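Worksheet for the structure shown next.
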Amino acid sequence: MSKGRKAGDLTARELKIRVSNGHAYDHAEIALMLELPEPARTICAVAAFTGLSRSEIPALKWEDYKDGEISVVRKKSRGHIGAPKTTAREATVPVAPLLQEILAKYRKDRNYPPVEGGWMFYGSKEKKPIDMDNLSRREIPQFINGAWRGWHAFRRGLGTRLNDMGMSLTNIQSILRHASISTTTAHYVFPNPDKTKAGLRKLAEAVRKTYKIKV
């Protein structure tokens, strides 16, 4: 997409992507999503706590989840199941205890019957991998007061919040499964204005005290 294109020239999908690219879900937004009806609640939880993408989540099978990890071995794109986007994306992602509890409850409450393919999230009618676009259009916005910013904002949110909490960029890169750490730093870790201001204040005070600066 050309950088010179105006908003009026963009398709609806491109506009949604642009909005998503400028947002990273925060803790309050994630908590709100965890009040959604199923299956949106559990799918949003997977997106929020693993960073899996909108193409990777519908391609998950229950066999991919074991020993506290999810193995990413396929994706769904335009209705077709194929290999992940890159070799780096073919990896395992640790599953946080809260997400383990959510997945266990979801599986128990749904009393999952075996379906062809063993999909973790599937459509109620055809029993095929769930359509993430339909889910986000029909099952989410009306419950969160229009606060929906797209699936990719979960990946950006995960990277940004882990960075805020002090996790190393190398570990964040590993969780998001980027081939290059430059991708992580450039697009998946948003600056924190409060921490920036606090850091500058701390620096200024250190200089003031060390060198006896008077104004």
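The values are calculated or read from the model by the stated rules, or taken from the named source; none is laboratory data. Predicted, not measured: the structure shown is a model, and the values here were computed from it. All Cβ positions, even for glycine, are placed from backbone atoms using ideal geometry, and neighbour counts span all protein chains on display. SASA here: full protein model, heavy atoms, side chains in, ligands and nucleic acids out. Shrake-Rupley method; radii C 1.70, N 1.55, O 1.52, S 1.80 Å.
Odds and ends about this structure:
- Dipole size of region 119-165 about its Cα centre, with +1 on Lys/Arg Cβ and -1 on Asp/Glu Cβ: approximately 40 debye, rounded to the nearest 20.
- Once the Cβ-Cβ distance of K127 and M167 is raised to the sixth power relative to R0 = 35 Å, the FRET efficiency obtained is 0.35.
- Most to least packed among 199-210, 144-155, 160-171 [average Cβ atoms within 10 Å]: 144-155, 160-171, 199-210
- Subtracting the Cα-Cα distance of I144 and E69 from their residue separation scaled by 0.36 nm leaves 24.1 nm.
- Count, lysine Cα pairs under 29 Å in region 80-215, 8 or more residues apart or across chains: 17
- Shown is the FRET efficiency for A88 and L203, computed with R0 = 35 Å from the Cβ-Cβ distance and rounded to the nearest 0.05: 0.45.
- Per residue, in Å², the accessible surface of region 128-196 once ligands and nucleic acids are set aside, probe 1.4 Å: 52 Å²
- Extreme residue, positive dipole direction of the chain, given options A91, L203, P39 (C-beta unit charges): L203
- Dipole magnitude of region 42-168, debye to nearest 20 (Cβ charges: Lys/Arg +1, Asp/Glu -1, about Cα centre): 380 debye
- Taking 0.36 nm per residue of sequence separation and removing the Cα-Cα distance, the F190/D109 pair yields an extension gain of 25.5 nm.
- By average C-beta atoms within 10 angstrom, highest first, the peptides 26-36, 172-182, 49-59: 49-59, 172-182, 26-36
- Over the chain, relative contact order from alpha-carbon pairs under 8 Å, at least 6 apart, %: 25 percent
- Entry for volume of the Cα convex hull per residue in Å³ (calculated from the structure that is shown) out of (1) 168; (2) 183; (3) 143: (2)
- Residue-averaged [θ]222 nm for the chain, counting only DSSP H segments that reach four residues, each worth -39500 (n - 2.57): -13500 deg cm²/dmol
- The simple Förster model, with R0 at 30 Å and r as the Cβ-Cβ distance, assigns Q100 and S77 a FRET efficiency of 0.60.
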